[in-house]
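Some notes on the structure that comes next.
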Amino acid sequence: MQTEARKKHWENIYTTKQQTEVSWYEKVPSTAIELIKELNLPKTANIIDNGGGDSFFVDHLLQLGFTNITVQDISETALAKTKKRLGKDAERITWLVCDESDCSPPGYYDVWHDRAAFHFLTEEAEIQNYINTIENHIRPGGYFIIATFSEQGPSKCSGLPVKQYSETTMSKLLQNSFIKEKCFTTDHHTPFNTEQNFLFCIFRRMHHL
């Protein structure tokens, strides 16, 4: 999907739907927060939330005391909603409007977090561009936290096709630059009383390629 078409799609979603009217909504992103806590990071760790949209992940990172947070999304509307919700705290965040399929953020990160964004990349060139981006922007020894639809998860979301992953296929995709720390699956209960099976993984960036 071209960037212009993808951006138009997501601007429309965030303009026409309330936060609880999208399947990925979760008031408390408990799984991701627990993974962050397990890493025992310094509060100055540089953390980016890719495809953050109007997620509450950033709110909880602030509550945990982290001071270097970036939220990246293709939708300016989504980020505007999050900024409004955060109020004065929004000034403490770096905001990036960018298409994850072809994006080069300005920083280097100790943690790159991606929940329910990566699986919308279905073309091999886009997927490889994304892998190149995280290889180039996660510091050696840093972490990639990915939450994507498992092979038991949906095949479409928000009207778009998605790519499903298993622990094996995700590990193979990242094997040149990352070491798997752990993977597991969990069900996300949507606002529509349905279940979506997610694969959560933590990978660590190799020091030497």
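The values are calculated or read from the model by the stated rules, or taken from the named source; none is laboratory data. Here the structure is a predicted model, which means the values were calculated and not measured. Backbone-built Cβ (ideal geometry, glycine too); neighbour counts: all protein chains shown.
Candidates are the residues of the stretch 86-104 that are in a helix (DSSP H, G or I) and at pLDDT below 95; the one that is farthest from residue 36 (Cα to Cα) is 102. Residue 114 passes every criterion in (1) part of a strand (DSSP E or B); (2) farther than 22 Å from residue 70 by Cα apart from (2). Considering only residues in the stretch 122-139 that are assigned to a helix (DSSP H, G or I) and acidic (Asp, Glu), the one that is surrounded by the most Cβ atoms within 10 Å (Cβ to Cβ) turns out to be 126. Pairs are defined by a Cβ separation below 7 Å, a sequence spacing of at least 6 or placement on different chains, a first member in the stretch 32-43 that is modelled with pLDDT of 95 or more, and a second member that is surrounded by fewer than 10 Cβ atoms within 10 Å (Cβ to Cβ); the pairs so defined are 43/65. Screening 153, 107, 142 for residues that are modelled with pLDDT under 95, surrounded by 15 or more Cβ atoms within 10 Å (Cβ to Cβ), more than 13 Å from the chain's Cα centre (by Cα) and under 24 Å from residue 38 (Cβ atoms) leaves exactly one candidate, 153.
Of all residues in the stretch 81-98, those that are in contact (Cβ under 8 Å) with a residue 24 or more places away in the chain and under 18 Å from residue 15 (Cβ atoms) have Cβ atoms under 8 Å from Cβ atoms of residues that are β-branched (Val, Ile, Thr) and part of a helix (DSSP H, G or I), 6 or more apart or on another chain, in 82/58.
Listed by first and then second residue, the pairs with beta-carbon distance under 6 Å, at least 6 apart or on different chains, first residue in the stretch 154-183 and free of Cβ contacts under 8 Å to residues at least 60 places away in the same chain, second part of a helix (DSSP H, G or I) and buried (at least 16 other Cβ atoms within 10 Å of the Cβ), are 162/119; 162/120; 163/119; 177/135; 180/171; 183/167.
From the list 184, 198, the one residue that fits, being under 18 Å from residue 36 (Cβ atoms), touching a helix residue (DSSP H, G or I) at 6+ places or on another chain (Cβ under 9 Å) and either of a type in the set (Lys, Arg) or exposed (fewer than 14 other Cβ atoms within 10 Å of the Cβ) (or both), is 184. Candidates are the residues of the stretch 67-86 that are touching a strand residue (DSSP E or B) at 6+ places or on another chain (Cβ under 6 Å) and within 9 Å of residue 53 (Cα to Cα); the one that is surrounded by the most Cβ atoms within 10 Å (Cβ to Cβ) is 71. Every listed requirement among (1) in a strand (DSSP E or B); (2) under 20 Å from residue 35 (Cβ atoms); (3) out of contact with any Lys or Arg (no Cβ under 9 Å at 6 or more places or on another chain) is met by residue 173 save one, (1).
Just need a number here: residues in the stretch 156-170 that are β-branched (Val, Ile, Thr) and either buried (at least 16 other Cβ atoms within 10 Å of the Cβ) or not in a helix (DSSP H, G or I) (or both).
Going residue by residue through the stretch 156-170, those that are β-branched (Val, Ile, Thr) are 162, 168-169.
Still in the running and either buried (at least 16 other Cβ atoms within 10 Å of the Cβ) or not in a helix (DSSP H, G or I) (or both): 162.
Within the stretch 156-170, residues that are β-branched (Val, Ile, Thr) and either buried (at least 16 other Cβ atoms within 10 Å of the Cβ) or not in a helix (DSSP H, G or I) (or both) number 1.
Pairs linking a residue in the stretch 55-66 that is over 15 Å from residue 42 (Cα atoms) and part of a loop (DSSP other than H, G, I, E, B) to a residue that is modelled with pLDDT under 95 and not small (Gly, Ala, Ser), with Cβ atoms under 7 Å and 6 or more positions apart or on different chains, are 55/29; 56/27; 56/28; 56/29.
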